[in-house]
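The structure appears below as structure tokens.
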Amino acid sequence: WYGDEEIYLVLGQMMRQGAILYRDIWDNKTPLLYFIYALSPTLFWAKLSATICVLGTTFGVYKLSRNLLAAALVGILLSLPLLEGSIANAELYFTLPIVWGAYLIYQKRFWFLVGLLVAAAFLIKVPAIFDFVGLLLAYFVINRKIKPLIIVAITFLLSFLILTSYFLTHGALADFIS
């Protein structure tokens, strides 16, 4: 039992019952983590979804590195109880879009999807944005192409605008922003 998981689960359950995040219920995290927990009827399902994310991240590392040992090591490290790998926390969720975003950046394609992955990671936990800033900056330094970065930025901003409009129409925008 871990306190944060229970907070996420309670907020998710309340959202499933119609409560609006930041208006009716509040915590200091970004919203996508609570939406994920709203899909989980019990803590078992939240942990299962985190496990699926770890497996997806592990496969993404394999696709990126073509190294089975590296992928296995990532899967093991993300699962270690010592590193809180047995807890369905934001880190287990946001590594999935980061790794697959890195894969798509390396492939130099699907920039719209990269923007959605940036938005998803950011909306799970804000510090995830720094991983993408580093990846996109490296892409620019190596390739000297700005158009893909503009596509990513526009997609990210549109995603954020859609979420912002949700909170605006539900009377929770001020609390979401603060």
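So how strong a dipole does region 1-148 carry about its Cα centre when Lys and Arg Cβ are +1 and Asp and Glu Cβ are -1, to the nearest 20 debye?
900 debye
Gain in length, residue 52 to residue 65, computed as 0.36 nm per residue apart minus the alpha-carbon separation, to one decimal in nm?
2.7 nm
Answer with one residue from 77, 21, 31: the one whose Cα lies farthest towards the positive end of the charge dipole of region 1-88, charges on Cβ with Lys, Arg +1 and Asp, Glu -1.
77
Can you pull the one-decimal nm distance between simple spin-label points at residue 109 and residue 178, each 7 Å off the Cα toward Cβ?
4.8 nm
How much accessible area per residue does the chain have, in Å², with a 1.4 Å probe?
55 Å²
Count of lysine pairs in the chain with Cα atoms under 26 Å apart, counting only pairs 8 or more residues apart in sequence or on different chains?
11
With contacts defined as alpha carbon pairs under 8 Å and 6 or more residues apart, what's the relative contact order of region 39-136 in percent?
25 percent
Alpha carbon centre of region 18-51 versus region 139-153: separation in Å?
Computed from Cα coordinates, the inter-centre distance equals 33 Å.
Sort 67-73, 24-30, 54-60 by the packing proxy (mean of other Cβ within 10 Å over each peptide's residues), most packed first.
Put in order of decreasing packing, that is 54-60, 24-30, 67-73.
For region 66-178, give the magnitude of the charge dipole about the Cα centre (Cβ charges: +1 Lys/Arg, -1 Asp/Glu; no others), in debye to the nearest 20.
So the magnitude is around 660 debye.
Expressed as a whole percentage, what fraction of the accessible surface of the chain belongs to carbon and sulfur atoms when a 1.4 Å probe is rolled over the protein heavy atoms?
Reported share for carbon and sulfur atoms: 73 percent.
Just subtract the alpha-carbon distance of residue 86 and residue 142 from 0.36 nm times their residue separation and send over the number in nm, one decimal.
Here the answer is 16.4 nm.
Taking region 64-178 as the region of interest, what is the percent of Cα-Cα pairs per 10 angstrom bin, listed from the shortest bin to the one with the maximum distance?
With a bin width of 10 Å, the distribution comes to 13, 36, 31, 17, 2.
Given the alpha-carbon gyration tensor of region 31-120, what are the semi-axes of its equivalent ellipsoid in whole angstrom, ordered largest first, with each equal to the square root of 5 times an eigenvalue?
22, 18, 8
The values are calculated or read from the model by the stated rules, or taken from the named source; none is laboratory data. Keep in mind the model is a prediction, meaning the values are calculated, not measured. Heads up, the Cβs are rebuilt from the backbone with ideal geometry, glycines too, and the neighbour counts pull from every protein chain shown. Calculation scope for accessible area: heavy atoms of the full protein, side chains included, ligands and nucleic acids excluded. Shrake-Rupley method; radii C 1.70, N 1.55, O 1.52, S 1.80 Å.
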